Amino acid sequence: MKITVFGAGNGGLTAAYVLAQNGHDVCIYDSPKFPAQIDAVHEKGGITALEEDNGAKMMLPGFAKITLATTDAQKAMEFADTYMMVCPSFAQEIMFSSMLPYIKDGAKVFVIPGNYGGLVLNKMLQHSNKKGTDVTFMDTISLPWATRAVAPGVISIMGVKEFMPMSVFPKSKQTEDMVKFITEIFPTPIEILDNPVVAALENINFGAHPLFTILNMGLLENFDGGFNFYSDCCSTAIAKVEDELDRERLTVGESLHLHLRTELEAMNALYASNSTSIYEFNRASSAHGKIKNSPANSKSRYITEDIPYLFVPFCELAKICGVEVPAAEALITLANFYNDEDYRKTGRTLAKMGFNHWTKQEILEFLEV
């Protein structure tokens, strides 16, 4: 199939590489403001995945030919009608703005990771001159890979999830034909979730990323992130807070009548692990323990993305559910102090999803349409 990947960062390069390795005809796009990766892929004719990185064996090594690498949004959109938006949450609306003038009926947009992105982009669509265009949004819970770009056009794939849960929105699009299409095109096995809110609440970065970064900030800053993030930054005390965050998430999910896995269940399933605790998983994960790649400061996306785009909407959902979430609220407050921000105002609020002043029941009914 023909697929355009929007975004040429760690995840976008890896998505384009794996899709091309799987035999698809791939275009990769990024903004003209960030041409370095696109220029490298164009010059080399494709993307290289390393066999070894820092003495550790990587996964899926090789070279994949990319048909088109471009900073021209029109060419990228005309290349295909299936799009994989693989970028930080703060870039999703920017990317979709470049897509909107050229989007047509039947377009399918994967939002990787979702973080409520499908809802926000659908609101943008309905408030544009493309209102009523038939577009389907698929929100994944995270990236399918543990990966990083090590040089222009070169990646290291450290791990691959066993499967990828995702939602299909609007829900009326959750047909057998759509599921078959996704199964054929997506590079890992899939699991269909009820809606984009479930996909965001199932994001496995919710527990570890902001928590480990915020609670280890002194060491991370002073030693320039020279630690293995999961094994070195998780302690028995920090794991207790991670467990409390999970209890808060599950309680909000229960109030919304949503079935959510525990974090431990999700980690074990996604990485074929049999850990008996979150502490054990973090300390022993082979997929995450290959290189030292901890954040070096408070501007890491583990704070600047996960706090405003995961924690802020979570806390707003908790509020309309009447659920207290002190651990999640505390992390937002600390992140605000770290970065001189007010993420509760600048983050992905329910209003930005189109749910301004909606009740819990109104949101649940909308998600069922």
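The values are calculated or read from the model by the stated rules, or taken from the named source; none is laboratory data. If you're wondering where the values come from, they're calculated on a predicted model, not measured in any experiment. All Cβ positions, glycine included, derive from the backbone under ideal geometry; neighbour counts span all protein chains shown. For the accessible areas, the whole protein counts, side chains as well, though only heavy atoms, and no ligand, DNA or RNA atoms are used. Shrake-Rupley method; radii C 1.70, N 1.55, O 1.52, S 1.80 Å.
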Obtain the nm distance between the two label points defined at residue 43 and residue 63 by a simple spin-label model: each point lies 7 Å from its Cα along the Cα-to-C-beta direction. 1.5 nm
The stretch 168-275: chymotrypsin sites (Phe, Trp or Tyr not before Pro) falling in loop per DSSP and having at most 16 other Cβ within 10 Å: 223
When the stretch 160-238 is reduced to its Cα atoms, the Kirkwood hydrodynamic radius in Å: 15.3 Å
Calculate one ³J(HN,Hα) per residue across the stretch 50-65 by plugging θ = phi - 60° into the Karplus curve 6.51 cos²θ - 1.76 cosθ + 1.60, and present them in order as whole Hz with x for glycine and proline. 6, 7, 9, 9, 6, x, 9, 6, 9, 9, 6, x, x, 10, 10, 6
Between residue 262 and residue 319, the two model label points (7 Å from Cα along the beta-carbon direction) sit apart by a distance in nm of 3.1 nm
Suppose R0 equals 25 Å; then what is the FRET efficiency for residue 340 and residue 224 from their Cβ-Cβ distance, rounded to the nearest 0.05? 0.70
Please compute the modelled spin-label separation between residue 94 and residue 361, points set 7 Å along Cα→Cβ, answer in nm with one decimal. 4.2 nm
Nearest-0.05 FRET efficiency for residue 36 and residue 171 at R0 = 41 Å, using Cβ-Cβ distance, is 0.55
Could you pull out every one of the aspartates and glutamates with an alpha carbon less than 14 Å from that of residue 360, ignoring same-chain neighbours closer than 8 positions? 254, 316, 368
Tell me the trypsin sites (Lys or Arg not before Pro) within the stretch 110-167 that lie in a loop according to DSSP and have at most 10 other beta-carbon atoms within 10 Å. 131
For the stretch 193-320, what does the alpha-carbon gyration tensor say about shape, rounded, prolate or oblate, given a ≥ b ≥ c as the root eigenvalues, a/c under 1.5 as rounded, and a/b over b/c as prolate? oblate
Which of rounded, prolate or oblate describes the stretch 261-369 when judged by the alpha-carbon gyration tensor and an a/c cut-off of 1.5? oblate
Using a simple charge model, +1 on the beta-carbon of Lys and Arg, -1 on the beta-carbon of Asp and Glu, nothing else, what dipole does the stretch 1-151 show about its Cα centre, in debye to the nearest 20? 240 debye
For the chain, what is the accessible area per residue in Å², given a 1.4 Å probe and the full set of protein chains? 41 Å²
